[in-house]
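Working notes, beginning with the structure itself.
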Amino acid sequence: MLSFLYARQSGLDDPVRLRRAESTRRVLSLELNHNRDVDRIHGNGINTLDIEVIDGRYMLSGGSDGVIVIYDLENNSKKPQYTCKAISTVGRSSQHVHKFSVETVQWYPHDTGMFVSSSFDKTMKVWDTETLKPAEEFQFDGNVYCHHMSPIAKKHSLVAVGTKDPKVQLCDLKSGSRIHILQGHRGEILSVRWSPRYEHILATASTDSRVRVWDVRRASGSLFTLDQHNGDKSKASSEAVNTAHNGRVNGLCFTADGLHLITTGTDDRMRLWNSATGENTLVNYGKVVNESRKGLKFTVSRGCSPEFVFVPCGSSVAVYGLHSGELITMLRGHYNNVDCCEFHPDYQELYSGGKDCNVLAWVPALRQPNIEDDETNSKRGRTQAAINPAFEDAWSSDED
């Protein structure tokens, strides 16, 4: 730690390097926090979680019971042991509650006064956080598996929606109507994601084994389809041409910089793609067990070097190196299958939800003070100052 501070103080290091190094250390030391509980409200499995990015304080959850819960993650008691309280709930007694399983919840990216939920009851609802009443409701012909709003969009207010219909629906929050459809898939749409780099770029995943990348400004078809064989037809059977996986593709996630896209499929594989060219980077993550019939909600770290991927894997959460493919650790604590996880970039914490109706908090282990290391680093810093030209006096002397 002191070596980073000395290098930063002397201008030998990038100011961001210390922050990235500490963020990485914290992620690598994630463990189940036995001092932090999250209110158990759901009577059935938890399908989806989302933490708002404005204050990083409030978290949404949606469950198979149709219930939506808002949690306050802040420790208001200032005690080491505390519970993240459920401050608002759209419960079964509410007349506005979803009739069936809630598959996706998402905060409006620019304001905590609104959030959006979608459900197997064939609806997507736009909620007023204060009143917990729908300000807008969109009806669809089939089950709604997923939806997503762009985290950066300033020129549009579109919500991409994936349903049982192979057409991707685009809903406009300003007009309150469905304004466009994207045609090309041949199966149910299990996951949709807007790029965090370009506001008009959208990725969609389907049960037809394909992942398509779209520019929604174009009237024609998708920009390209991801091909696991990178166009090498000798390796692909006729059925596997232009497919991202050999089974249903049920998970999508962009990296924070938008340069890469991660996909998961029921062929027990996870793949990393160049989001600009659609090239398969061929990173080998090994077998990533994936038996989900619906969308798989996984997440990527932010602010680390290197970055990490957190993937629900049975009753555990698997942590992989994003670019190395190495399995770093398995986070075990749930009693049943994990369906979703959400990374908190402000504190390098992870929250996971599963069929055991629990939301678990995974937090970095506290750094233990080591006096010997501090003394060693202090001596190293003084030695560096003595021999490094950056610390030497550059003034000339008249005697010379």
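The values are calculated or read from the model by the stated rules, or taken from the named source; none is laboratory data. Being a predicted model, the structure only gives us computed values, none of them experimental. All Cβ positions, even for glycine, are placed from backbone atoms using ideal geometry, and neighbour counts span all protein chains on display. Heads up: the accessible areas ignore ligands, DNA and RNA and are worked out on the full protein's heavy atoms, side chains in. Shrake-Rupley method; radii C 1.70, N 1.55, O 1.52, S 1.80 Å.
Computed from the C-beta positions of Asn35 and Val241 and an R0 of 60 Å, the FRET efficiency is 0.70 to the nearest 0.05. Taking Cα centre as origin and charging only the Cβ of basic (Lys, Arg, +1) and acidic (Asp, Glu, -1) residues, the dipole magnitude of region 1-108 rounds to 260 debye. Across region 133-273, Cα pairs under 8 Å and at least six residues apart give a relative contact order of 16 percent. Using the basic label-point model (7 angstrom from Cα toward the beta carbon), what is the Gln368 to Asp128 distance in nanometres? Here the modelled spin labels are 5.4 nm apart.
Taking Cα atoms only, the orientation of helix 371-387 departs from the longest principal axis of the chain by about 60 degrees. With both labels modelled 7 Å from their Cα along Cα-to-Cβ, the Ser93 to Arg217 distance reads 5.1 nm.
Positive contributions from Lys and Arg (+1) and negative ones from Asp and Glu (-1), summed over other residues with Cβ under 14 Å from the Cβ of Arg302, come out at -2.
Distant-in-sequence amide contacts of Thr129, defined by a placed amide H-H separation under 5 Å and a gap of 5 or more residues or a different chain, comprise Met114, Phe115. In this simple spin-label approximation, Arg19 and Ser324 carry label points 7 Å from Cα along the Cα→Cβ vector, and these lie 2.4 nm apart.
Note that the chain presents 49 Å² accessible area per residue, ligands and nucleic acids not counted, probe 1.4 Å. A viscosity of 1.002 mPa s and a temperature of 20 °C, combined with the Kirkwood radius over Cα pairs in Stokes-Einstein, give a translational diffusion coefficient for region 14-364 of 105 µm²/s. Region 64-142 and region 224-286 have Cα centres separated by 32 Å. Axis of helix 15-28 versus longest Cα principal axis of the chain: the two differ by about 60°, to the nearest ten degrees. Note on the chain: with neighbouring protein chains present and a 1.4 Å probe, carbon and sulfur make up 46 percent of its accessible heavy-atom surface.
With a sphere of radius 12 Å drawn around the Cβ of Asp267, what net charge do the other residues whose Cβ falls strictly inside it have (Lys, Arg +1; Asp, Glu -1)? Its environment carries a net charge of +2.
Once C-alpha pairs closer than 8 Å and six or more residues apart are averaged by separation and normalised to the residue number of the chain, the relative contact order reads 14 percent.
The heavy atoms of Glu52 present about 10 square angstrom of accessible area, all protein chains included, probe 1.4 Å. Dipole magnitude for the chain: about 1400 debye, using +1 per Lys or Arg Cβ and -1 per Asp or Glu Cβ, origin at the Cα centre.
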